1. Select from segment 46-59 the residues that are in contact (Cβ under 8 Å) with a residue 24 or more places away in the chain and more than 11 Å from the chain's Cα centre (by Cα) and list them in ascending order.
2. Looking only at residues that are in contact with a helix residue (DSSP H, G or I) (Cβ under 9 Å, 6 or more places away or on another chain), crowded, with 22+ Cβ neighbours inside 10 Å and of a type in the set (A, V, I, L, M) in segment 111-141, which one is modelled with the lowest pLDDT?
3. Just to be sure before I move on: is residue 125 assigned to a helix (DSSP H, G or I) and either under 18 Å from residue 46 (Cβ atoms) or of a type in the set (Phe, Trp, Tyr) (or both) in the structure I sent?
4. Examine segment 72-88 for a residue that is part of a loop (DSSP other than H, G, I, E, B), over 18 Å from residue 12 (Cα atoms), modelled with pLDDT of 90 or more and touching an Asp or Glu at 6+ places or on another chain (Cβ under 9 Å), and state whether such a residue exists.
5. Do you know which residues across segment 46-69 are at pLDDT below 95, surrounded by fewer than 20 Cβ atoms within 10 Å (Cβ to Cβ) and not in a helix (DSSP H, G or I)?
6. Quick test of your reading of the structure: residue 77 fulfils all but one of (1) out of contact with any Pro (no Cβ under 8 Å at 6 or more places or on another chain); (2) within 22 Å of residue 137 (Cα to Cα); (3) among the hydrophobic types (A, V, I, L, M, F, W, C). Name the failing condition by number.
7. Among residues belonging to segment 30-45 that are part of a loop (DSSP other than H, G, I, E, B) and not polar (S, T, N, Q), point out the one that is surrounded by the most Cβ atoms within 10 Å (Cβ to Cβ).
8. Counting just the residues of segment 10-29 that are in contact with a Ser or Thr (Cβ under 9 Å, 6 or more places away or on another chain) and more than 14 Å from residue 126 (Cα to Cα), which one comes out surrounded by the fewest Cβ atoms within 10 Å (Cβ to Cβ)?
Amino acid sequence: MIILGVDLGKARTGLALCDKGELLASPLCVLREHNRERLVEAIAAKAGEAGAQLLAVGLPRNMDGTEGESAQNAREIGALLEESTGLPVEFVDERGTTITAHGYLNDTNTRGKKRKAVVDAVAATVILENFLEKRRMENRG
């Protein structure tokens, strides 16, 4: 199943895709849309172009596991995406994903403007990888 990973941010939204076998997640792009309606349209368009069958949306929980304003925003956008695309939306705890993404970019010596341009797509990839791993674990047992 092709799954689109989504890392919602205040300034940028990162997108990632996995292959049909759900083995490999890869960065897709970064959207720089601040208007909620246009952002939903842009994500829906990318999902359609990719043939996505499910959306894995990052849920920014607080470190204690509670949900704040950002999590509420993610849930609202998720509901709009579900309505707009007709695809199921699953939320993925995204705590630590941006830190992990920066770690990957450190390992590849990605710096400056290039780093800023890709970090959100890499974070979306981490969110999607976490989602895929959780699915694999659930299917095993």
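1. 46, 47, 48, 50, 51, 52, 53, 54
2. Per the stated criteria, the residue is 119.
3. So residue 125 fits the description; yes.
4. yes
5. Within segment 46-69, 61, 62, 63, 64, 65, 66, 67, 68 meet the criteria.
6. Going through (1) out of contact with any Pro (no Cβ under 8 Å at 6 or more places or on another chain); (2) within 22 Å of residue 137 (Cα to Cα); (3) among the hydrophobic types (A, V, I, L, M, F, W, C) one by one, residue 77 breaks only (2).
7. Here the answer is 33.
8. Checking each candidate, the answer is 10.
The values are calculated or read from the model by the stated rules, or taken from the named source; none is laboratory data. Keep in mind that what you see is a predicted model, and the values were worked out from it rather than measured. Every residue, glycine among them, receives a Cβ derived from its backbone with ideal geometry; neighbour counts consider all protein chains shown.
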